[in-house]
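First comes the structure, then the notes that go with it.
Just so you know, all these numbers are worked out from the coordinates, no wet-lab data involved. Computed from a predicted model, the values in this text were never measured in an experiment. Quick reminder, even Gly has a Cβ in these numbers, built from the backbone with ideal geometry, and neighbours come from all protein chains shown.
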Amino acid sequence: MKSEKLDRRPIVAAITASVLMFAFGLTYHTLAVQLVAPPPTIPLVHDALERLPLEIADWTGEDIPMDKAIVRATGTDAHINRNYSRKNGLESISLFVGCSVSSFDRAIHRPEICYARAGWTLMDRRPMELSLDEGIKLPYSMFQFSRGDLNRQKSMVLHYYIVNGQYFEEVTALQAKLWRLGATVNYIARVLIVAPVRASNAETAEKLISSFAVDSAPSIAELFENIQNDQIAETTEPLKTGSSR
């Protein structure tokens with residue numbers, strides 16, 4: 001039991017650093033112009049993302065409470081913070097999903113900057129792509145970070161955005177799309193999947209979080225699609241009620 005708790009430390013430290021990304025004022029001014037439109041009239045409720053299944057493929061999840069100060073720092077309207085494991089707990093990852101419809105400027109941050117602010121050193125970053133069902137591609141960034149003397153702690157971080165149901169790997173592609181979308185942006189979501197690197201085996205950690213990304217991406221995308229449909233329904237319901245009077 002003691003060794004299990006020690007093994008979770010890099011995961012907890014990494015996901016905490018990921019969440020703290022929202023706290024730093026590293027707003028991209030080139031995107032600010034695109035995100036000044038009023039948010040939807042129906043904001044996300046704080047537990048909206050809890051609908052994401054705890055059972056995904058052969059993964060079993062559990063919610064991990066976050067410190068209230070960190071939650072406030074995320075600037076998100078809704079978030080989930082979970083551990084998912086499989087093979088009787090022999091393989092596990094941490095998942096953070098945060099979404100905002102009213103604080104877009106807090107959502108556009110890069111792990112390589114914010115992890116550094118939290119004391120991590122960037123060792124590697126690669127743009128990559130995974131194949132999902134029906135020919136859908138999931139672009140993402142794969143990061144490797146280290147922290148402590150002699151790189152005592154190492155973590156792999158898989159990171160991507162979802163904007164209006166579309167996947168984005170990093171800020172440049174997201175920025176180009178936002179120029180075209182303009183005021184039609186309904187939400188910006190960030191997905192971070194984290195696993196510790198044990199015994200310098202970065203390849204194993206990378207395969208693990210990539211596997212979870214493939215298994216979970218459809219469920220996460222469906223979750224946001226349902227949330228968006230609910231928002232549209234709630235927004236139009238008063239109009240229907242008023243027209244019937």
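Some notes on this structure:
- Virtual spin-label span in nm between ILE136 and GLU112, 7 Å along Cα→Cβ: 2.8 nm
- ILE56 long-range amide H proximity, modeled H, under 5 Å: GLY61
- Neighbour-count ranking [beta-carbon atoms within 10 angstrom, fewest first] of VAL45, VAL157, VAL197: VAL45, VAL197, VAL157
- Here the 3J(HN,Hα) profile of segment 213-225, calculated from phi with Karplus coefficients 6.51, -1.76 and 1.60 at θ = phi - 60°, is 4, 5, 5, 8, 4, x, 5, 5, 5, 5, 4, 5, 5 Hz, Gly and Pro shown as x.
- Per-residue ³J(HN,Hα) for segment 79-96, Karplus 6.51 cos²θ - 1.76 cosθ + 1.60, θ = phi - 60°, Hz, x for Gly and Pro: 7, 9, 9, 9, 9, 10, 9, 8, 6, 6, x, 6, 10, 8, 9, 10, 10, 10
- Residue-wise HN-Hα couplings along segment 55-65, as the Karplus relation 6.51 cos²θ - 1.76 cosθ + 1.60 with θ = phi - 60° gives them from phi, are 10, 10, 6, 9, 9, 10, x, 9, 6, 10, x Hz; Gly and Pro carry x.
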